[in-house]
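Shown next, in structure tokens, is the structure this report addresses.
The values are calculated or read from the model by the stated rules, or taken from the named source; none is laboratory data. For clarity, every value in this text was computed on a predicted model and none was experimentally measured. Cβ coordinates were reconstructed from backbone atoms using ideal geometry, including for glycine residues, and neighbour counts include every protein chain displayed. Keep in mind that these areas ignore ligands, DNA and RNA; they rest on the heavy atoms of the full protein, side chains included. Shrake-Rupley method; radii C 1.70, N 1.55, O 1.52, S 1.80 Å.
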Amino acid sequence: MPSFFSPERLASGRHRPDGLTLRAAEQRDVAGITALANLPLYRAGTQRLPFQSEEATARWLSAGGAAASPPVVAELGGQIVGIGGLHRQTGRRQHVAVLGLGVHDGFQRRGIGAALLNALLDAAFNWLQIRRVELTVFADNAGAISLYEGVGFEREGLLRAYAFRDGAYADVLAMALLAPELCEPTAGIAD
């Protein structure tokens with residue numbers, strides 16, 4: 001049976017750094033988000049190309065697109081140290097959101113990713129009627145995989161040579177987390 005979202009599981013054992021603020025990203029954050037996106041470790045965990053401009057960041061932030069809610073920034077001491085968002089799917093997949101998350105190179109493994117993940121999953125399942133959250137993560141990103149599995153995400157597949165990164169093709173894991181009611185046995189379906 002698949003793992004599902006559990007608020008208790010999400011909150012257990014997670015330390016949130018003192019002074020960390022989570023809030024909706026705003027146009028005033030363009031420079032900080034751009035600086036974050038241009039960091040080598042942050043970029044290596046995403047599909048972003050090098051040398052992102054502030055103009056491109058401003059366009060992305062203004063567009064909003066298929067976001068289920070505004071991007072959420074993590075701010076510590078006046079500096080943007082992380083960002084995450086949910087991108088709602090459409091049509092017959094409108095119950096699904098794709099999760100994106102990244103943390104500043106110098107602030108990883110301090111609970112910032114967990115705080116962002118907690119906030120985004122709470123919004124998805126308790127406010128936005130999303131019942132499935134999915135993501136892709138580079139197969140060599142052990143820290144992120146551990147974070148996602150720690151709250152119940154399950155590996156659903158390996159996508160080989162998914163993206164070109166640092167001169168080579170890299171694999172990603174497809175992962176998902178379901179709302180509890182999607183994990184219940186369906187009456188009348190034989191095993």
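Data overview
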read-out: Subset of segment 133-143 [open to solvent by 20 Å² or more (accessible area, probe 1.4 Å), over 23 Å from Pro180 (Cα atoms) and out of contact with any Leu (no Cβ under 6 Å at 6 or more places or on another chain)]; value: Asp140, Asn141, Ala142, Gly143
read-out: Residue in segment 72-82 that is at pLDDT below 95 and open to solvent by less than 40 Å² (accessible area, probe 1.4 Å) present; value: no
read-out: Leading residue by the ranking (surrounded by the fewest Cβ atoms within 10 Å (Cβ to Cβ)) among those in segment 14-55 that are charged (D, E, K, R) and farther than 26 Å from Asn126 by Cα; value: Arg28
read-out: Residue satisfying condition, being at pLDDT 95 or above and farther than 19 Å from Ala68 by Cα, within set Gly143, Gly157; value: Gly157
read-out: Residue that is nearest to the chain's Cα centre (by Cα), among those in segment 153-177 that are assigned to a loop (DSSP other than H, G, I, E, B) and surrounded by fewer than 18 Cβ atoms within 10 Å (Cβ to Cβ); value: Asp166
read-out: Segment 95-132, residues that are in contact with a Leu (Cβ under 7 Å, 6 or more places away or on another chain), over 20 Å from Thr21 (Cα atoms) and part of a strand (DSSP E or B); value: Ala97, Val98, Arg132
read-out: Any hit, segment 56-63, residues being at pLDDT 95 or above, polar (S, T, N, Q) and either open to solvent by less than 50 Å² (accessible area, probe 1.4 Å) or within 19 Å of Arg109 (Cα to Cα) (or both); value: no
